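I have placed the structure first, in the form of structure tokens, so that the comments after it can refer back to it.
The values are calculated or read from the model by the stated rules, or taken from the named source; none is laboratory data. Because the structure is a prediction, the values reported are computed rather than measured. As a convention, Cβ positions derive from the backbone with ideal geometry for all residues, glycine included, and neighbour counts pool all protein chains shown. What goes into the accessible areas is simple: the full protein's heavy atoms, side chains included, and nothing from ligands, DNA or RNA. Shrake-Rupley method; radii C 1.70, N 1.55, O 1.52, S 1.80 Å.
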Amino acid sequence: MRLTLTALLLMLAGTALAGDRCFVCGEPFGLETYFFTDKVTGKKQDVCSRCAHLDTVCFLCGLPARSNFKQLPDGRVLCARDVKAVVLEAAEARALFQSVQQSLDRQFRRFIEFPETILVQPLDRVDLQTMFRFAGHDYSCPNVWGCTVVRTNAGRLYYTISLLQGLPASQIKATAAHELGH
């Protein structure tokens, strides 16, 4: 009997040392463990039942967000880790856009000329999706990251490029390049 109790205690100590704690809250697991795939890193993360049933889920990584998360005005939630890596300021988004525009201009100068009169406006998800709504179409894509609108006035073309706020800089750059391609 004494040997089995010692073996059981060693097993329990080994599992506690192995890091059997929730990835989200850091607390020990209860009776259930849930597995979530982190969309940012691609790794599977162990999550306790308390965190697995939270209503706050990070827009970027898809993991539950329990504390220190940021809720954007459009309702998206960013966990404490991912909020550090996103662009929330309009000035930063415009600077990223300009760097992409200059880079594309240098690379494709012989083939195409990008307009210099472009208004760049960072928008939240609600405003960006309303730009795609029109009569008879109630569905809009859930992953709209940008939009290009071309207007004419007195024979001149005016471009407005809208970029979704709250994305990492790499996704802002990719979206800017995509929208410039339009």
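For the reader, a short list of remarks on this structure follows.
- Residue count for region 39-92, restricted to those that are part of a helix (DSSP H, G or I) and either open to solvent by 20 Å² or more (accessible area, probe 1.4 Å) or of a type outside the set (Asp, Glu) (or both): 10
- Residue within region 30-37 that is in a loop (DSSP other than H, G, I, E, B), more than 21 Å from Leu78 (Cβ to Cβ), open to solvent by 50 Å² or more (accessible area, probe 1.4 Å) and free of Cβ contacts under 8 Å to residues at least 40 places away in the same chain present: yes
- Looking across region 93-115 at every residue that is among the aliphatic types (A, V, I, L, M) and modelled with pLDDT of 90 or more, the one that is surrounded by the most Cβ atoms within 10 Å (Cβ to Cβ) is identified as Ala93.
- Within region 94-104, the presence of a residue that is under 15 Å from the mean Cα position of the chain (by Cα) and aliphatic (A, V, I, L, M) is excluded.
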